[in-house]
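The values are calculated or read from the model by the stated rules, or taken from the named source; none is laboratory data. Every value quoted in this text rests on a predicted model; they were computed, and no experiment measured them. Here the Cβ is made from the backbone with ideal geometry for all residues, glycine too, and neighbour counts use every protein chain on show.
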Amino acid sequence: MLIPVISSQSLFLLKRIPESVSDTVILVAGARPNFMKIAPIHKQLRHRGVNTLLVHTGQHYDHNMSQVFFDELGIPEPDIHMGVGSDSHSRQTAKIMIHFEDVCLEHNPRMVVVVGDVNSTLACAITAKKLGITVAHVEAGLRSRDIQMPEEINRVLTDRISDLLFTTSRGANENLFSEGCSSESIFFVGNVMIDSLYKAVKHSQKSTILKDIGVVEQGYCLVTMHRPSNVDNLSTLSGLILALEQISREIPIIIPAHPRTVHSLERFEMADRIRNNNQIYLIPAQGYFDFINLVKNSKFVMTDSGGLQEESTILGVQCLTLRKNTERPITVTQGTNKVVGTETKDIIDAFHNLDFSKKTQSPEYWDGKTAHRIAKVIVDQLSAAV
Ligand code: UD1
């Protein structure tokens, strides 16, 4: 059916409105932390005969930020690659929405599954919701309570409009209840990223990354940082780098650097200082297997990443989080994580007070079977809606 739509310029355009709803489920992946979450869900849905359409927004596009994860995780090539690329938050979000609306209008999916908290997550959730398509959000209910964080904005808004909310912890359920979400929409399924982690640990044994860098097991600290609040601000980044320099006098530090971090270090003229420090290894962002090998064999990690707080908890590696808060408190209460902030002295004190004998408890349902639980709920929902 073709119906006229009035554009903002009052021009009459023809937009195709689908005749009937298909049985397709669209899975959205856009940025690095999405890929390890989408991989097991995609596999489980295909296994159950669900007609999936894998859409890559193109938010991340460097080989080491995207393709290497598809290769290592065995994710098939995306059915649709939107190639949106980098831009300001609003422009990137808007571009994804415009492209994704066309994808939805053409394929008319029954459901759109989004994961995590990146701009692609929110952009595709809004677009689908406005077309009346069921939206499922995987990793719902996480809250840092810092609404200045781009990811917190994405989390709160995505959850508000999603029909199915898949959570990683009972604490996330509580957050959603307190915001008025109905219990029928919330499914505590566990952490799907851990499904991929267990597989990656096996594969990572073949990695030669430690030898390539020239470090030994337990003989280094692994650092990742890329939050805008940490790396886009000169005084915060200076304080963090000072802490790393001081700690590196006691243990070598490896920094697989996100492109944003590399840009900032260059812009603030700190890159050469780090490159000339023979106790600090500034290396490019790594593929999944090499990265997991680096985490698993490190003495401890320091990070502002959400995913690494969870991975280190499961691998039993002590983690100092270089932020003032975490949306993943279960990694503190049950895991290895300690939130230490971004002040130089606090980080160094936390390093000196690390307790390597601390025992951790694997959070409930972080058991490698989360994708199976998610797929079951999705299939039940699709059958119920027929
Ligand atoms: C995004 C997510 C963040 C996630 C991170 C993981 C949002 C709001 N943030 O942040 O939650 O932890 O991904 O990596 O979605 N760039 C490249 N190559 C790439 C991708 C990015 O060079 O493949 C550079 C570009 O200069 C770009 C900058 O990195 O402007 C930032 O990328 P962007 O996707 O906007 O945000 P991230 O900081 O990666």
Discussion item. Being modelled with pLDDT of 95 or more, at positive phi and not in a strand (DSSP E or B) is true for just one of GLY180, GLY171, GLY219, GLY239. Which residue is that?
Written reply: GLY180
Response to the item:
Of the conditions (1) among the hydroxyl-bearing types (Ser, Thr, Tyr); (2) under 30 Å from VAL25 (Cα atoms); (3) touching a strand residue (DSSP E or B) at 6+ places or on another chain (Cβ under 7 Å), the single one that SER383 does not satisfy is (3)
Worksheet item: Quick one: is SER178 free of Cβ contacts under 8 Å to residues at least 40 places away in the same chain and surrounded by fewer than 21 Cβ atoms within 10 Å (Cβ to Cβ)?
Response: yes
Worksheet item: Of the numbered conditions (1) crowded, with 19+ Cβ neighbours inside 10 Å; (2) part of a loop (DSSP other than H, G, I, E, B), ALA371 satisfies every one except a single condition; which is it?
Response: (2)
Worksheet entry | Candidates ARG145, ARG155, ARG91, ARG110 - the one that is basic (Lys, Arg) and crowded, with 24+ Cβ neighbours inside 10 Å | ARG155
Worksheet entry | Top-ranked residue in segment 61-77 [being acidic (Asp, Glu), touching a helix residue (DSSP H, G or I) at 6+ places or on another chain (Cβ under 8 Å) and more than 13 Å from the ligand (Cβ to nearest atom); ranked as nearest to PRO259 (Cα to Cα)] | GLU72
Discussion item. Being away from the ligand (no atom under 16 Å from the Cβ) and assigned to a loop (DSSP other than H, G, I, E, B) is the filter here; which residues of segment 149-167 pass it?
Written reply: SER162, ASP163
Worksheet entry | segment 305-344, residues that are away from the ligand (no atom under 15 Å from the Cβ), outside any loop (DSSP other than H, G, I, E, B) and either over 21 Å from GLY368 (Cα atoms) or more than 19 Å from the chain's Cα centre (by Cα) (or both) | GLN318, CYS319, LEU320, THR333, LYS338, VAL339, THR344
